[in-house]
1. Which one of the conditions (1) of a type in the set (F, W, Y); (2) exposed (fewer than 14 other Cβ atoms within 10 Å of the Cβ); (3) in contact (Cβ under 8 Å) with a residue 12 or more places away in the chain does W149 fail to meet, given that it meets all the rest?
2. I84: modelled with pLDDT of 95 or more and more than 23 Å from S55 (Cα to Cα), yes or no?
3. Among the residues of segment 96-126, what is the count of those that are in contact (Cβ under 8 Å) with a residue 12 or more places away in the chain, of a type in the set (V, I, T) and within 16 Å of the ligand (Cβ to nearest atom)?
4. Starting from residues that are near the ligand (Cβ under 7 Å from one of its atoms) and either among the aromatic types (F, W, Y) or exposed (fewer than 14 other Cβ atoms within 10 Å of the Cβ) (or both), keep the ones in segment 60-77 and report whichever is farthest from the chain's Cα centre (by Cα).
Amino acid sequence: MKTATEIDIRTEGQMARTHYLNVDLGVKSWLLTTDHKRIGILYLWTILIFFVIASVAAAMMRLELLTPQGDLVTNETYNKLFTIHGVLMVWFFLIPSIPAVLGNFAIPMIIGARDVAFPKLNLLSWYIFVAGGALALWSLIHGGVDTGWTFYTPYSTTYANSHVISMAAGVFVAGFS
Ligand code: HEM
């Protein structure tokens, strides 16, 4: 049984712990946030989703490689698997991980700034990244790409028979973000 004083102390402690995670709750408060730490977290969850999808492709490749025969997927599908694995891992996980997640979250605090210079533009950048990722996933769902993550020619031009343009556009849009 706690005394009234103990309860008061705990309440004060809880009020003092208000921070960027609990200052405002709800999906809208996250989707419209201009707080650099929250935007860093938005990037973190987004790149983790791409990491999981790319990992599923990696797991399917390793399963296919259990035996020399093509038991699980065709040669064409295998090419598409390592391409989507590479595209998502490199452009939508590895590259944004340090500048977008850590950069947003930590740099303003490290340099002692209240936030980044243009917080709304910072949020817009995340939306543009999501749009690029959506375009890449659209290309995946509609048949994928078999060029490898570098989109080297002539696989991506003369011999292209997959969704190279939409996938490359997705990467370009993400790069622009
Ligand atoms: C447990 C984790 C992973 C597994 C099992 C895995 C597995 C594979 C496999 C089987 C290939 C295809 C090899 C081939 O047939 O040519 C591949 C390619 C590749 N992986 Fe991973 N991978 C993993 C994690 C990662 C990570 C974390 C990254 C980068 C952040 C990455 C980047 C790439 C790239 C760039 C390629 C080449 C894609 C291409 O040729 O277009 N992988 N991986």
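The values are calculated or read from the model by the stated rules, or taken from the named source; none is laboratory data. In this text, all values refer to a predicted model and were calculated from it rather than measured experimentally. Neighbour counts run over all protein chains shown; Cβ positions are idealised from the backbone, glycine included.
1. (2)
2. Working: modelled with pLDDT of 95 or more: yes; more than 23 Å from S55 (Cα to Cα): no.
No.
3. Residues that pass the stated criteria total 1.
4. Filtering segment 60-77 down to residues near the ligand (Cβ under 7 Å from one of its atoms) leaves 61-62, 65.
Pick out the ones that are also either among the aromatic types (F, W, Y) or exposed (fewer than 14 other Cβ atoms within 10 Å of the Cβ) (or both) and you get 62, 65.
Working: R62: 23, L65: 27 Å.
The extreme case among them is L65.
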